[in-house]
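Computed from the coordinates by the stated procedures, all read-outs in this text should not be read as laboratory data. Small disclaimer: the values here were computed from a predicted structure and weren't measured. Cβ sites come from the backbone with ideal geometry, for glycine too, and all protein chains shown count toward neighbours.
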Amino acid sequence: MNKQKPCVIWFTGYSGAGKSSLALEVEKLLIQQGQQTSSLDGDIVRNGLCQDLSFSKQDREENIRRIGYVAHQMVDAGLIVLCAFISPFRDGRDKVRALFKEGEFIEVFVDTPLDICEQRDVKGLYKKARSGKITEFTGIDSPYEKPLAPEVHIKNVSGHDIEESAQLVMNYLSNKT
């Protein structure tokens with residue numbers, strides 16, 4: 001009905017890696033092609049659907065489980081859903097992937113080194129984590145488990161190459177249909 005192949009594009013990486021910026025650019029390109037999309041982003045979801053959760057390992061897993069379920073419902077409705085979340089645990093991402101049919105879950109690993117993410121630190125979160133004001137922060141005192149076989153691997157997203165990185169995602173989408 002929507003004349004598109006619904007899927008979830010799941011952007012994962014450290015805080016400050018460029019996930020949200022890349023997802024917005026991909027969404028812009030999809031909309032230019034007449035595709036129907038929806039976006040889910042960590043900050044927005046944490047202020048609504050998941051506001052009752054802390055940043056403990058268990059609550060971060062629950063956060064991703066809830067997001068996966070919402071994304072699944074949106075894909076069932078025929079949308080292309082862009083999800084930008086740290087989603088630090090491989091098992092959590094795998095559980096979300098298992099909700100979808102073959103080819104409906106596209107993992108995009110935004111592989112920006114931790115030191116670059118810390119330099120960006122727009123929200124000051126890394127400084128707070130380093131000083132002990134925030135605990136269980138991914139990359140500082142909580143692990144990030146890199147994807148083993150993402151569908152798309154983007155290295156070090158920055159402002160000057162965001163369009164090029166978005167095109168890599170678009171190329172994957174074009175080639176898979």
Q: Determine the dipole magnitude for the stretch 83-130: charges of +1 sit on the beta-carbon of Lys and Arg, -1 on that of Asp and Glu, nothing else is charged, the reference point is the Cα centre, and the result goes in debye to the nearest 20.
A: 300 debye
Q | Average Cα contact separation per residue, the chain, under 8 Å, 6 or more apart, as relative contact order % | A | 35 percent
Q: Before rounding to the nearest 500, sum -39500 (n - 2.57) across all DSSP H runs of length at least 4 in the chain and divide by the residue total; then give [θ] at 222 nm in deg cm²/dmol.
A: -12500 deg cm²/dmol
Q.
Applying a 10 Å radius around every beta-carbon, put 119-132, 86-99 in order of their mean neighbour count, most first.
A. 86-99, 119-132
**Q.** Cα-based Kirkwood hydrodynamic radius, the chain, one decimal, Å
**A.** 16.4 Å
